[in-house]
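Written out below as structure tokens is the structure these notes cover.
The values are calculated or read from the model by the stated rules, or taken from the named source; none is laboratory data. What you see is a predicted model; the values in this text were computed from it and never measured. Note that each Cβ is placed from the backbone with ideal geometry, even for glycine, and that neighbours are counted across all protein chains shown.
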Amino acid sequence: MSGSAVGPAEADEASATTMPASPGVVVDVDEAGVPLDRAADVGEVGVPHAGRAGAGRVSGMSASRAVEASAGFAVETFGLTKRFGRQVAVDSIDLAVPAGSVYGFLGPNGSGKTTTIRLLLGLIRPTAGRHSMLGEPMPRGAGRVLPRVGALIEGPGFHTYLSGRDNLLRLDAADRTADRSTARARVDAALERVGLLAAARKRYRAYSLGMRQRLALAATLLSPRDLLILDEPTNGLDPQGTREVRALISSLARDGATVLLSTHLLSEVEQICTHVGVMHLGKLVAQAPLAELRAGVAPRAAVETSQPDEAAAVLRRLGLSDVDTAVDRATGVLGDLAPEKVVEALIHARVPVRGFSVLAPDLEDLFVSLTGEGFHVSG
Amino acid sequence: MSAASRFLASELWLIFGRRRNWAGLAVLAVVPVIIAIAVKASPPGRPGGGPDFISSITENGMFVALAALAIELPLFLPLAVATISGDAIAGEANLGTLRYLLTVPVHRTRLLAVKYAAIVVFAVTATLLVAVTGVVIGLALFGGGEATLLSGRQVSMGEGLLRLLGVCGYIAVCLCAVGAIGLFVSSLTEQPIGAAIATLILTMGSFILHAIPELEPIHPYLLTHLWLNFGDLLRDPVGWSDLRAGLLHAGAYIVVFCAAAWARFGAKDITS
């Protein structure tokens, strides 16, 4: 899908859900009652429109979720910082996860994603900064907030000599807000939802990596959640399992939960996320709705021709920007223009066209440009 | 069942449902059986060799329990409690379950309280297991009847059992002090075995230091200093002041180390 095609298509979808907002991007920052100065901070990182972090829910949103979205952020951090000795693991990040979004928390291994998640959940204390979740300041509100949060942190962790079901019952027993009389039913429902019911009585020791990952996901579903914080949820899953988990996340989001999804897989973000934050060396280097990030890397039309100057003239006349020529080609940023119109105009102007292509925006290129390296390990 | 007791029940189920711990408890229970059979096979001829109780067994089988407790107190019982308490926090950290418990959420103070309560239950259970096994096998092999106290007076079977129960209580409190140390050490590390060994070393070290007369000035502060005061329950009249001193001594250890565990664990970054 090219960047230019995203806007209108999704705007239709959004307006179909009777949003009381302007077409295009749905809920605007100021309409949502979100302070604009926060957005301005994010804008400094140089991503086009990154300032609209809290802006519109982009697609497939129900009316009730629109209300929730306007209530603000499910996760919000202010200058959150964690130092371990001399190393700065998380460097003054201002995360803003809109309520109702599926927020892709992207970054190379070692970029500080997991440390951030541990900070959010109160497992470690920040060196500086503060944060709130589901509208309550943390860690003060942990007792009220965390029962509404399901979390998968740095892979599964269970008692090896207990069965999958017994492990979940153990976690449920530790939850003082959980109803004992429904424990068994809820545990089995969670196991069913991740496709693990058949192996419920097997010892955890005998589980494969994929089954362990599924059990950890089941643990996040033991009670109704408003926020899911999932750290690399498809780790260790086979392609089938990966598809299932992505479908599960999408269905949770449809039910109204906000999902903070930490991952290093771009495909995961492209398939299920509405918003993206990119971590690099402990810093949040970009944060925006996915559609805006996509728009930021505009598709280019490329014409292969023996007369590049004539071709370039046509492109300019059509309104393409940043037109460039080489020995046997001319290129330009396509904008909202349909590619076939360009071809038609070229033929009409009798420019000999040997080949025509649209170089679609590649998120990977964008992220490499943001993180300045391949998507592997931060030092 | 309230939320607190449900979590404690789950904790006890983790401890008592684990085969490793069954094996440990079996070892504790085997000792009185071995003592009883050994005494039955060759009755000791040496009378009155101090409060080792062995020489009294042939007269009253109940003394198998006391002999077994006296023999297991220096090593087996502290070892069992050190293993369980060392596992308390470090075991969860090692498995990766600690981060999930804390995000359930379980408040850290509540987690420590439940963990320590489970350690206390285990200490009491382990002590009673030794005593009950001893009484059962002793009565089976040697019969019951009146018991002769250390001070020579004869008491009824019922009073004898009551005094035995008191001994179990005293020993269990001493073991709870070991458990408090174990809980504290367990909050320092992610290695449950290391925490258990460290706790056992502290207990054994206390015995060793106590055996060196030159170190007498520090003896009153050692963990095991008053452990053998349980013998005062078997005198007539009962040596209440010594017992009270021993209980206060153990209580001080419990308070200090539970507080240390709380201070340490409450502020700790959980990176496991």
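With respect to being away from chain A (no Cβ under 14 Å) and surrounded by fewer than 24 Cβ atoms within 10 Å (Cβ to Cβ), B:ILE71 fits the description. Could you go through the stretch A:83-106 and let me know if any residue there is under 24 Å from A:PHE367 (Cα atoms), charged (D, E, K, R) and crowded, with 21+ Cβ neighbours inside 10 Å. No; the residues of the stretch A:83-106 include none that is under 24 Å from A:PHE367 (Cα atoms), charged (D, E, K, R) and crowded, with 21+ Cβ neighbours inside 10 Å.
Annotation note: of B:LEU188, B:LEU175, B:LEU161, the sole residue that is surrounded by fewer than 23 Cβ atoms within 10 Å (Cβ to Cβ) and either free of Cβ contacts under 8 Å to residues at least 40 places away in the same chain or more than 30 Å from B:THR271 (Cα to Cα) (or both) is B:LEU161. Whether any residue in the stretch A:196-211 is in contact with a Phe, Trp or Tyr (Cβ under 8 Å, 6 or more places away or on another chain), away from every other protein chain (no Cβ under 14 Å) and either more than 24 Å from A:ILE272 (Cα to Cα) or modelled with pLDDT of 95 or more (or both) is what I want to check. The answer is yes; a qualifying residue exists. Of all positions in the stretch B:129-148, at least one carries a residue that is on the phi > 0 side of the Ramachandran plot and touching a residue at least 12 places away in the same chain (Cβ under 8 Å).
Which fully enclosed helices (runs of 4 or more DSSP H) of the stretch A:151-241 have 1 or more residues being acidic (Asp, Glu)?
A:164-174, A:183-193
Among residues of the stretch A:169-195 being hydrophobic (A, V, I, L, M, F, W, C) and at the interface with chain B (Cβ under 10 Å from one of its Cβ atoms), the one that is farthest from A:LEU215 (Cα to Cα) is A:ALA178. Quickly run through the stretch A:222-239 and pick out the residues that are out of contact with any Ser or Thr (no Cβ under 9 Å at 6 or more places or on another chain), among the aliphatic types (A, V, I, L, M) and under 17 Å from A:ILE272 (Cβ atoms). If the condition is that a residue be out of contact with any Ser or Thr (no Cβ under 9 Å at 6 or more places or on another chain), among the aliphatic types (A, V, I, L, M) and under 17 Å from A:ILE272 (Cβ atoms), then A:LEU237 is the only one that fits. Return a yes/no flag: does the stretch A:241-258 have any residue that is closer than 25 Å to A:SER369 by Cα, crowded, with 19+ Cβ neighbours inside 10 Å and under 17 Å from the mean Cα position of the chain (by Cα). No, the stretch A:241-258 contains no residue that is closer than 25 Å to A:SER369 by Cα, crowded, with 19+ Cβ neighbours inside 10 Å and under 17 Å from the mean Cα position of the chain (by Cα).
Could you list, in sequence order, the residues of the stretch B:95-105 that are among the small types (Gly, Ala, Ser) and either crowded, with 21+ Cβ neighbours inside 10 Å or more than 7 Å from chain A (Cβ to nearest Cβ) (or both)?
Residues satisfying the conditions do not exist here.
For the stretch A:212-259, filtering for residues that are among the aliphatic types (A, V, I, L, M) and more than 13 Å from chain B (Cβ to nearest Cβ) leaves 10.
Might you check whether a residue that is at pLDDT below 95 and crowded, with 20+ Cβ neighbours inside 10 Å occurs anywhere in the stretch B:248-257?
There is no residue in the stretch B:248-257 that is at pLDDT below 95 and crowded, with 20+ Cβ neighbours inside 10 Å.
Reported count of residues in the stretch B:64-117, each being of a type outside the set (A, V, I, L, M), in a helix (DSSP H, G or I) and within 12 Å of the chain's Cα centre (by Cα), is 5. Among the candidates A:GLY164, A:GLY157, single out the residue that is at the interface with chain B (Cβ under 8 Å from one of its Cβ atoms) and closer than 30 Å to B:VAL114 by Cβ. Going through A:GLY164, A:GLY157 in turn, the sole match is A:GLY157. Quick one: is B:ALA263 within 24 Å of B:THR189 (Cα to Cα), away from every other protein chain (no Cβ under 14 Å), surrounded by fewer than 18 Cβ atoms within 10 Å (Cβ to Cβ) and without any contact (Cβ under 8 Å) to a residue 12 or more places away in the chain? Yes.
Per-residue answers, yes or no, for (1) within 14 Å of chain A (Cβ to nearest Cβ); (2) within 19 Å of B:LEU188 (Cβ to Cβ); (3) surrounded by 24 or more Cβ atoms within 10 Å (Cβ to Cβ):
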{"residue": "B:PHE76", "(1), (2), (3)": "no, no, no"}
{"residue": "B:SER85", "(1), (2), (3)": "no, yes, yes"}
{"residue": "B:HIS107", "(1), (2), (3)": "yes, no, no"}
{"residue": "B:VAL120", "(1), (2), (3)": "no, no, no"}
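Only a single criterion out of (1) in contact with a Gly (Cβ under 9 Å, 6 or more places away or on another chain); (2) modelled with pLDDT under 95; (3) hydrophobic (A, V, I, L, M, F, W, C) is not satisfied by B:VAL31, namely (2). For the stretch B:1-40, residues that are loosely packed, with under 13 Cβ neighbours inside 10 Å, within 19 Å of the chain's Cα centre (by Cα) and within 11 Å of chain A (Cβ to nearest Cβ) total 1. Quickly run through the stretch B:158-204 and pick out the residues that are in a helix (DSSP H, G or I) and either in contact with a strand residue (DSSP E or B) (Cβ under 7 Å, 6 or more places away or on another chain) or of a type in the set (S, T, N, Q) (or both). Within the stretch B:158-204, B:GLY160, B:SER186, B:THR199, B:THR203 meet the criteria.
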